[in-house]
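The values are calculated or read from the model by the stated rules, or taken from the named source; none is laboratory data. Everything numeric here is computed off the predicted structure, so don't read it as measured data. Cβ coordinates were reconstructed from backbone atoms using ideal geometry, including for glycine residues, and neighbour counts include every protein chain displayed. These accessible areas exclude ligands, DNA and RNA; they are computed on the full protein's heavy atoms, side chains included. Shrake-Rupley method; radii C 1.70, N 1.55, O 1.52, S 1.80 Å.
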Amino acid sequence: MKKVVISTGGGDAPGLNAVIYAVVHACYRRGWEVYGSKSGYKGFLDPEAMVRLDLHNVEGIYATGGTILGSTNKGNPFAKPVENLAGEIQIIDVSDKIMKNFSRMGFDCHIAIGGDGSLEIAHRFALKGMKVIGVPKTIDNDLEATDRTFGFDTAVSTATDALDKLHSTAKSHDRVMVVEVMGRDSGWIALYSGISGGADAILIPEIPFDIDKVCEKIADNELHEKHYSIVVVAEGAIAKGGAVFNKGTGELGREEVVLGGVGEWVASEIRKKTEKDTRSLVLGHLQRGGSPTTFDRLLALRFGTAAVRLVEEGIFDHMVALISSKMVAVPIADAIKSRKKVGLDNDKVLAARELGICLGD
Ligand code: F6P
């Protein structure tokens, strides 16, 4: 008999509920108890935020977006912002308290579902002696040590669907449409959706772009009697010699990068340089919403059940990963070493070039 606790941390991604469903089912088959900590680690500090999960709680959730446990990207227990009596924000470390409560509550193991930030926190707890298993989540697909994270396929499908819809309106008005997509400092979402959604130009953080090259592509379209163009811009894309567009406010006493704004800048430059009627839109959090695609659901269900097998085998401080279509375990430390970037020799980059898509270089 084991007592397992699950948490979901960082930005939500479609498939989180499918992992929770899988863990609860796989544990139930083994006669183990499962609990869920709400809003990341809140359940370890507040008993009301620690909930028992059974088959009834998770019925049908594998097909739903979001997370039934709630999530936060402001909940790092090693640097938790709290307001003191004077109304000032102080950063405190509550990790020892969480370790004590973890043992007091009688947990054998913690399955932490998250991206690089949450997995780094999970690893720090593992170093303090917590038995932890990581499950890789992020729509950005930027985690090293796994071919895919769940959430990415759904985000790409949403972005591709948006591009399909923009074609008809762009064409009707002979316009340039600039679409900003998420992905932090990796261009995976932009590249996959841009190729699949027939973009004329795709700008990714890995290839600093020259706006004149994008304008040349638009002019070339005109020459070939194509009077509209679609430009996909990753939120972390950078113009040659420029800087990333950061809307971060440093609220809660932390330096925080909040990407956004590059799409509007690209649109205004195109408008100026080509005199084409140009509009921009930001897909934003739409990419994180909705039901997981079949691919993400299946991946999340595989990850969740594989995580429970690791608990059984006693392999901790590891993350479940998808490598060459197989479920494997990799040390969390390896997964968080660096972020996975689009390589310039990646076949999707080569495919984009062959298709005549401008990459801004
Ligand atoms: O990491 C997932 C992600 O959606 C990024 O693509 C994006 O930059 C960021 O999170 C947005 O975070 P928030 O939900 O805090 O706006």
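With the gyration tensor restricted to C-alpha atoms of the chain, the semi-axes of the equivalent ellipsoid amount to 41, 22, 17 Å, longest first. For a quick check: with amide H placed at 1.01 Å from N, whose amide H comes under 5 Å from ALA79's, ignoring anything fewer than 5 positions away on the same chain? Under 5 Å from the amide H of ALA79: VAL94.
Listed here are the pairs LYS74/LYS100; LYS165/LYS276; LYS100/LYS131; LYS213/LYS272; LYS42/LYS74; which of them are more than 18 Å apart at the Cα? From the list (LYS74/LYS100; LYS165/LYS276; LYS100/LYS131; LYS213/LYS272; LYS42/LYS74), the Cα-Cα distance tops 18 Å for LYS74/LYS100; LYS165/LYS276. In this view, the solvent-accessible surface of ILE121, computed with a 1.4 Å probe and all protein chains in place, comes to about 30 Å². Per-residue accessible area (protein heavy atoms, 1.4 Å probe) orders GLU222, GLU313, GLU180 as GLU313, GLU222, GLU180, starting from the largest.
Here is the list for segment 117-198: trypsin sites (Lys or Arg not before Pro) lying in DSSP coil, each with at most 16 other C-beta atoms within 10 angstrom of its C-beta, are LYS128. Proximity of backbone amide H atoms, modeled 1.01 Å from N, is registered between VAL178 and VAL231, ARG279, SER280, LEU281 at under 5 Å, excluding neighbours fewer than 5 places apart on the same chain. Residues whose amide H lies under 5 Å from that of ILE238, counting only those 5 or more places away or on a different chain, are PHE209; hydrogens are built 1.01 Å from N in the peptide plane. Using alpha carbons only, what's the Rg to Rh ratio of segment 116-236 with Rh from Kirkwood? With Rh from the inverse mean 1/r over Cα pairs, Rg/Rh is 1.14.
Taking all protein chains as they are arranged and a probe of 1.4 Å, the heavy atoms of VAL214 leave approximately 0 Å² accessible to solvent.
Protein-only accessible surface at a 1.4 angstrom probe places the residues VAL135, VAL244 in the order VAL244, VAL135, largest first. For a Förster distance of 22 Å, can you work out the FRET efficiency between the beta-carbons of LYS326 and GLU144, rounded to the nearest 0.05? Calculated transfer efficiency: 0.85. The percentage of C-alpha pairs in segment 190-308 whose separation is greater than 21 Å is 51%.
Loop-resident trypsin sites (Lys or Arg not before Pro) (DSSP state other than H, G, I, E or B) in segment 252-296 with no more than 14 further Cβ atoms inside 10 Å of their Cβ: ARG254.
Each residue of segment 185-198 was assigned a 3J(HN,Hα) from its phi angle through the Karplus curve 6.51 cos²θ - 1.76 cosθ + 1.60 (θ = phi - 60°); the sequence is 9, 10, x, 4, 5, 4, 5, 5, 6, x, 5, 5, x, x Hz, with glycine and proline shown as x. So what's the angle, to the nearest 10 degrees on a 0 to 90 scale, between helix 294-313 and the longest Cα principal axis of the chain? Helix 294-313 sits roughly 30 degrees off the main axis of the chain. Judged by the mean number of other Cβ atoms found within 10 Å, the most tightly packed of the peptides 85-94, 151-160 leads the ranking 151-160, 85-94. Rg then Dmax, both in Å and based on the Cα atoms of segment 1-76: 11.8, 34.
Can you tell me the 0 to 90 degree angle between the C-alpha axis of helix 16-29 and the longest principal axis of the chain, rounded to 10? On a 0 to 90 degree scale, this one is about 30.
Here the accessible area of the chain is 50 percent carbon and sulfur, with a 1.4 angstrom probe and all protein chains present. Dipole magnitude for the chain: computed about the Cα centre from +1 point charges on Lys and Arg Cβ and -1 point charges on Asp and Glu Cβ, it is near 1060 debye. Ligands, DNA and RNA excluded, the heavy atoms of ASP164 present near 90 Å² of accessible surface to a 1.4 Å solvent probe.
The radius of gyration of the Cα set in segment 239-312, together with its Dmax, comes out at 20.1, 63 angstrom.
Any idea what log10 I(q)/I(0) is at q = 0.16, 0.21 Å⁻¹ for segment 83-171, Debye with uniform C-alpha scatterers and no solvent? Cα-only, vacuum Debye calculation for segment 83-171: -0.80, -1.00. Dividing the summed -39500 (n - 2.57) terms of all DSSP H runs of n ≥ 4 by the residue count of the chain sets its mean residue ellipticity at 222 nm at -11000 deg cm²/dmol.
Remark: spin-label model distance VAL82-ASP220 equals 5.9 nm, labels positioned 7 Å along the Cα→Cβ axis.
Solvent-accessible surface of the chain, taken per residue with a 1.4 Å probe and all protein chains present: 43 Å². Within the shell defined by Cβ-Cβ distances under 14 Å, the residues around GLY183 carry a net charge of -2, with Lys and Arg each +1 and Asp and Glu each -1. Computed from phi, the 3J(HN,Hα) profile of segment 205-210 under the Karplus parametrisation 6.51, -1.76, 1.60 (θ = phi - 60°) reads x, 6, 10, x, 9, 10 Hz, with x in place of Gly and Pro.
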